[in-house]
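Single-structure report; data block below.
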Amino acid sequence: MIETIYIEKKIKNHPRTKSILSKFKKARFIEIDRYGEIFNKRNQNFRIQKFSPDLILAHKESGLVLPAPDGFGIGNSKNFYFSHMYNCIYDCRYCFLQGMYSSANYVIFVNFEDFDNALEKVIEENKSSKITFFSGYDCDSLALENVTGFAKHILGLFRKYPDIDLEFRTKSLQKDPFISGKFMENIILAYSLMPEAMSSALDNKTPTIAKRIDIMTTLAAKGWKIGLRFDPLIHGKNWKKLYGELFEKVFNSVPLKSIHSVSFGALRFPKQMFKNITKLYPEEKLFSGPLSNNDGIVSYDHDIEEEMISFCQDITTRYVDKSKIFKCSV
């Protein structure tokens, strides 16, 4: 339950602001000049705030569409990402956001039309390239769709560009606007997955893996393309058995013709981000595993990472063509 909503004065009368506020009848509203006054304050504790985050409604001024980091993509020559929201309603223990932001409050940017303009500018500047856009880098792209309506909005733009791919990455069970609309060939609904035993310990507040598989199956039946994101891969006792069972369940549930792509990425953090996260959760067993500093990135030793990815890829190729399988190194 959101108790407090901060609203930038610039967008207090924006129709989308009013629509969002109408969904929080009991919250108190506080006007502010810029979202950074609240979101970027020093001496905040992400872990404490996560128990009861506030909501901030804001106008995004710059950086609406950015190049994706090297090593992040699913095959196209140019990759970009955009975030209509900062932070996530879930509380996954390995999430990099808790090491990147000092605040656990949610920021929603309501100026969707400016995102449209920025996206179209990038499309225009890259006419000769095959492009993928990613929604959900700094948030779960669909988890608050019933509040923001962002996916419904942005689908309207991408209907105009059937050769430009858009991936929504999520752990949510949100079906709208996909279940009620005609599927689009250039849209990928990508779901983050790990074995249920690991998810129950690490994916706090998220839907179960079984429910995620069910929603993938439902959407695939409607024609939507499904992305499988096994990221991060987690090492631990019986990991081969656990991942083997997961793959069997996924590939026997989701129609193979509906699978757009599969990607793998081992657990990893930039050094400073890892330091920030372990300060928040010093008792977390996940961070005491076989991790080491490799050129500024805290990750599993190379041999462990390669063993995990090789094992997962070998099983996946029994079901999916190699051309659809990617390694994520970011």
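Of all residues in the stretch 293-330, how many are within 16 Å of L233 (Cβ to Cβ), assigned to a strand (DSSP E or B) and not β-branched (V, I, T)?
Final tally of qualifying residues: 5.
Give the residues of the stretch 1-15 that are touching a strand residue (DSSP E or B) at 6+ places or on another chain (Cβ under 6 Å) and either small (G, A, S) or closer than 20 Å to P53 by Cβ (or both), sorted by residue number. Spell out how you get there, then give the answer.
Within the stretch 1-15, the first condition is being touching a strand residue (DSSP E or B) at 6+ places or on another chain (Cβ under 6 Å), and the residues that meet it are 2, 4-9.
I2, T4, I5, Y6, I7, E8, listed by residue number.
Pick from S180, S253, S192: which is under 20 Å from the mean Cα position of the chain (by Cα) and hydroxyl-bearing (S, T, Y)? Break it down stepwise before answering.
Working: S180 fails: under 20 Å from the mean Cα position of the chain (by Cα); S253 fails: under 20 Å from the mean Cα position of the chain (by Cα).
When all the criteria are applied, what remains is S192.
Which residue out of S103, S83 is polar (S, T, N, Q), touching a Lys or Arg at 6+ places or on another chain (Cβ under 8 Å) and crowded, with 19+ Cβ neighbours inside 10 Å?
Values: S83 fails: touching a Lys or Arg at 6+ places or on another chain (Cβ under 8 Å).
Unique residue meeting the criteria: S103.
Yes or no, residue by residue, for (1) free of Cβ contacts under 8 Å to residues at least 40 places away in the same chain; (2) touching a Ser or Thr at 6+ places or on another chain (Cβ under 9 Å); (3) closer than 27 Å to A221 by Cα:
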residue	(1), (2), (3)
H260	no, no, yes
L267	no, yes, no
I277	no, no, no
L291	yes, yes, no
D295	yes, no, no
S299	yes, yes, no
S310	yes, no, no
Q313	no, no, yes
Y319	no, no, yes
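Specify the residue that is surrounded by the fewest Cβ atoms within 10 Å (Cβ to Cβ); the eligible residues are those in the stretch 4-21 that are in contact with a Phe, Trp or Tyr (Cβ under 9 Å, 6 or more places away or on another chain) and of a type in the set (D, E, K, R).
Ranking the qualifying residues of the stretch 4-21, first place goes to K12.
When the residues of the stretch 279-309 are narrowed to those that are of a type in the set (G, A, S) and surrounded by 11 or more Cβ atoms within 10 Å (Cβ to Cβ), which ends up modelled with the lowest pLDDT?
Among them, the one singled out is G289.
Going residue by residue through the stretch 18-27, is there one that turns out to be touching a residue at least 12 places away in the same chain (Cβ under 8 Å), polar (S, T, N, Q) and touching an Asp or Glu at 6+ places or on another chain (Cβ under 9 Å)? Before the answer, list the steps.
Keep residues of the stretch 18-27 that are touching a residue at least 12 places away in the same chain (Cβ under 8 Å), which gives 19-21, 23-24, 26-27.
So of that shortlist, the ones also polar (S, T, N, Q) come out as 19.
Applying the additional criterion that residues be touching an Asp or Glu at 6+ places or on another chain (Cβ under 9 Å) yields none.
For the stretch 18-27, residues touching a residue at least 12 places away in the same chain (Cβ under 8 Å), polar (S, T, N, Q) and touching an Asp or Glu at 6+ places or on another chain (Cβ under 9 Å): absent.
Can you tell me which residues in the stretch 160-190 are among the hydrophobic types (A, V, I, L, M, F, W, C) and either in contact with a Pro (Cβ under 8 Å, 6 or more places away or on another chain) or without any contact (Cβ under 8 Å) to a residue 12 or more places away in the chain (or both)? First the steps, then the outcome.
First pass over the stretch 160-190, keeping only residues among the hydrophobic types (A, V, I, L, M, F, W, C): 164, 166, 168, 173, 178-179, 183-184, 187-190.
Of everything in the stretch 160-190, those that are among the hydrophobic types (A, V, I, L, M, F, W, C) and either in contact with a Pro (Cβ under 8 Å, 6 or more places away or on another chain) or without any contact (Cβ under 8 Å) to a residue 12 or more places away in the chain (or both) turn out to be L173, M184.
Checking L193 against (1) closer than 21 Å to A68 by Cβ; (2) without any contact (Cβ under 8 Å) to a residue 40 or more places away in the chain, only one condition comes out false. Which one?
Of (1) closer than 21 Å to A68 by Cβ; (2) without any contact (Cβ under 8 Å) to a residue 40 or more places away in the chain, only one is false for L193: (2).
The values are calculated or read from the model by the stated rules, or taken from the named source; none is laboratory data. None of the values given here were measured: they were computed from a predicted structure. Cβ sites come from the backbone with ideal geometry, for glycine too, and all protein chains shown count toward neighbours.
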